[in-house]
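Engineer: Below is one structure. I have some questions about it.
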Amino acid sequence: MKIAVIDDEKRWRDDVSKQLLNLYKTNISELNVYGSGAEFLASHKEYDLVFMDIEMPGLNGFETAIQYREIVPQAILIILTTHTDLSRKGYLINAFRYIDKCTLDEELPEALTSAQKLLDRNQSIMVNVVNLGEICLSLTEILYIETEKRNVLIHTENANYISNQSMSELEQKLDPFGFFRSHKSYLVNLDKIKNFNRQTIYFQNEEQAMVSTRK
């Protein structure tokens, strides 16, 4: 994971960086710190996770984030602030979390865990598809998987694919990424569910899957 920390105060840059390394050292491939929004934008680097102070001279955190979103729209943005009332403006930059610097020790571990889960779901898997061979499917595209005779049918947002891999094999691969075996014949992407009852799961595109009473 590539992480950037942007704060005009060295104290907070050091504190956040130290805690990130203590909590997540083995998962961090790159960690860079910047003293201003302008310096951060001038680096032209892409990061998976960005910790951004709001109140900075020159470009403030909101202005910096808006410009960075145009370059790297998929980056996960976590706001650092001592004024939590500013969180009301978070919709402007699609902030993932707001962390109060005064309770950094308590809030940072949860934010990191949740961000990692989100990053995991943006991954892809290789699937063996009948007549096509191995293809790469983004986890965010998969709605659900169902058994079809001796094969499985993978339903995605754009197309369906028949695979000769077993449901158990795919369940094992996908379980860490928010997929759930709702029925012996169905493996569903929890992020794509619109609603459900005791018998049926409804997806955002109006397709349906089964859920067993026991589940």
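The values are calculated or read from the model by the stated rules, or taken from the named source; none is laboratory data. On a predicted model such as this, the values are computed, not experimentally measured, just so you know. Using ideal geometry, Cβ is built from the backbone for each residue, glycine included, and neighbour counts are taken over all protein chains shown. Ligands, DNA and RNA are stripped out before the accessible areas are found, and what is left, the full protein with its side chains, is counted by its heavy atoms. Shrake-Rupley method; radii C 1.70, N 1.55, O 1.52, S 1.80 Å.
Engineer: If you go through region 174-183 one residue at a time, do you hit one that is open to solvent by less than 20 Å² (accessible area, probe 1.4 Å), free of Cβ contacts under 8 Å to residues at least 60 places away in the same chain and either β-branched (Val, Ile, Thr) or part of a loop (DSSP other than H, G, I, E, B) (or both)? Explain how you work it out, then say what you get.
Structural biologist: We begin by selecting, within region 174-183, every residue open to solvent by less than 20 Å² (accessible area, probe 1.4 Å); these are 174, 178-179, 182.
Adding the requirement that they be free of Cβ contacts under 8 Å to residues at least 60 places away in the same chain leaves 174, 179, 182.
Okay, now just the ones that are also either β-branched (Val, Ile, Thr) or part of a loop (DSSP other than H, G, I, E, B) (or both), so none.
Within region 174-183, none of the residues are open to solvent by less than 20 Å² (accessible area, probe 1.4 Å), free of Cβ contacts under 8 Å to residues at least 60 places away in the same chain and either β-branched (Val, Ile, Thr) or part of a loop (DSSP other than H, G, I, E, B) (or both).
Engineer: Among the residues of region 130-171, write down those that are assigned to a strand (DSSP E or B) and hydrophobic (A, V, I, L, M, F, W, C).
Structural biologist: Passing the criteria: Ile135, Cys136, Leu137, Ile142, Leu143, Ile145, Val152, Leu153, Ile154, Ile162.
Engineer: Also, I was wondering about something else. Out of all the residues in region 53-62, is one or more at pLDDT below 95 and closer than 30 Å to Gly178 by Cα?
Structural biologist: No, there is no match, as no residue in region 53-62 is at pLDDT below 95 and closer than 30 Å to Gly178 by Cα.
Engineer: Quick one: what pairs do we get from region 193-210, first residue modelled with pLDDT of 95 or more, second surrounded by 12 or more Cβ atoms within 10 Å (Cβ to Cβ) and small (Gly, Ala, Ser), C-beta under 8 Å, 6+ apart or different chains?
Structural biologist: Thr200/Ala209; Ile201/Ser182; Ile201/Ala209; Ala209/Ser182; Met210/Ser182; Met210/Ser185
Engineer: Looking at Glu107, is it more than 16 Å from the chain's Cα centre (by Cα), modelled with pLDDT of 90 or more, open to solvent by 10 Å² or more (accessible area, probe 1.4 Å) and within 30 Å of Glu55 (Cβ to Cβ)?
Structural biologist: The answer is yes for Glu107.
Engineer: Still on this structure: Name every residue in region 196-205 that is under 17 Å from Thr140 (Cα atoms) and open to solvent by 100 Å² or more (accessible area, probe 1.4 Å), in order of residue number.
Structural biologist: Taking region 196-205 and keeping what is under 17 Å from Thr140 (Cα atoms), we get 202-205.
Listed by number, the list holds a single entry, Gln204.
Engineer: All but one of (1) assigned to a loop (DSSP other than H, G, I, E, B); (2) within 16 Å of the chain's Cα centre (by Cα); (3) over 23 Å from Asp14 (Cα atoms) hold for Leu119; which doesn't?
Structural biologist: Result: Leu119 fails condition (1) only.
Engineer: What are the residues in region 65-79 that are assigned to a helix (DSSP H, G or I) and hydrophobic (A, V, I, L, M, F, W, C), if any?
Structural biologist: If the condition is that a residue be assigned to a helix (DSSP H, G or I) and hydrophobic (A, V, I, L, M, F, W, C), then Ala65, Ile66, Ile71 are the ones that fit.
Engineer: Please go through (1) free of Cβ contacts under 8 Å to residues at least 12 places away in the same chain; (2) touching a helix residue (DSSP H, G or I) at 6+ places or on another chain (Cβ under 8 Å) for Thr147 and return the number of the only condition it doesn't satisfy.
Structural biologist: Result: Thr147 passes all but (1).
Engineer: Scanning region 11-64 for residues that are assigned to a helix (DSSP H, G or I) and aliphatic (A, V, I, L, M), which turns out surrounded by the most Cβ atoms within 10 Å (Cβ to Cβ)? Walk me through it before giving the result.
Structural biologist: Keep residues of region 11-64 that are assigned to a helix (DSSP H, G or I), which gives 11-27, 37-42, 61-64.
Then drop every residue that is not aliphatic (A, V, I, L, M), which leaves 16, 20-21, 23, 38, 41-42.
Values: Val16: 24, Leu20: 20, Leu21: 13, Leu23: 13, Ala38: 15, Leu41: 17, Ala42: 10.
Filtering region 11-64 for residues that are assigned to a helix (DSSP H, G or I) and aliphatic (A, V, I, L, M), the one surrounded by the most Cβ atoms within 10 Å (Cβ to Cβ) comes out as Val16.
Engineer: I'm trying to understand the selection: among the residues of region 110-143, which are surrounded by 12 or more Cβ atoms within 10 Å (Cβ to Cβ), among the small types (Gly, Ala, Ser) and without any contact (Cβ under 8 Å) to a residue 40 or more places away in the chain?
Structural biologist: Answer for region 110-143, where residues must be surrounded by 12 or more Cβ atoms within 10 Å (Cβ to Cβ), among the small types (Gly, Ala, Ser) and without any contact (Cβ under 8 Å) to a residue 40 or more places away in the chain: Ala111, Ser114, Ser124, Ser138.
Engineer: For region 1-10, how many residues meet the condition of being within 18 Å of Thr103 (Cβ to Cβ) and assigned to a strand (DSSP E or B)?
Structural biologist: 1
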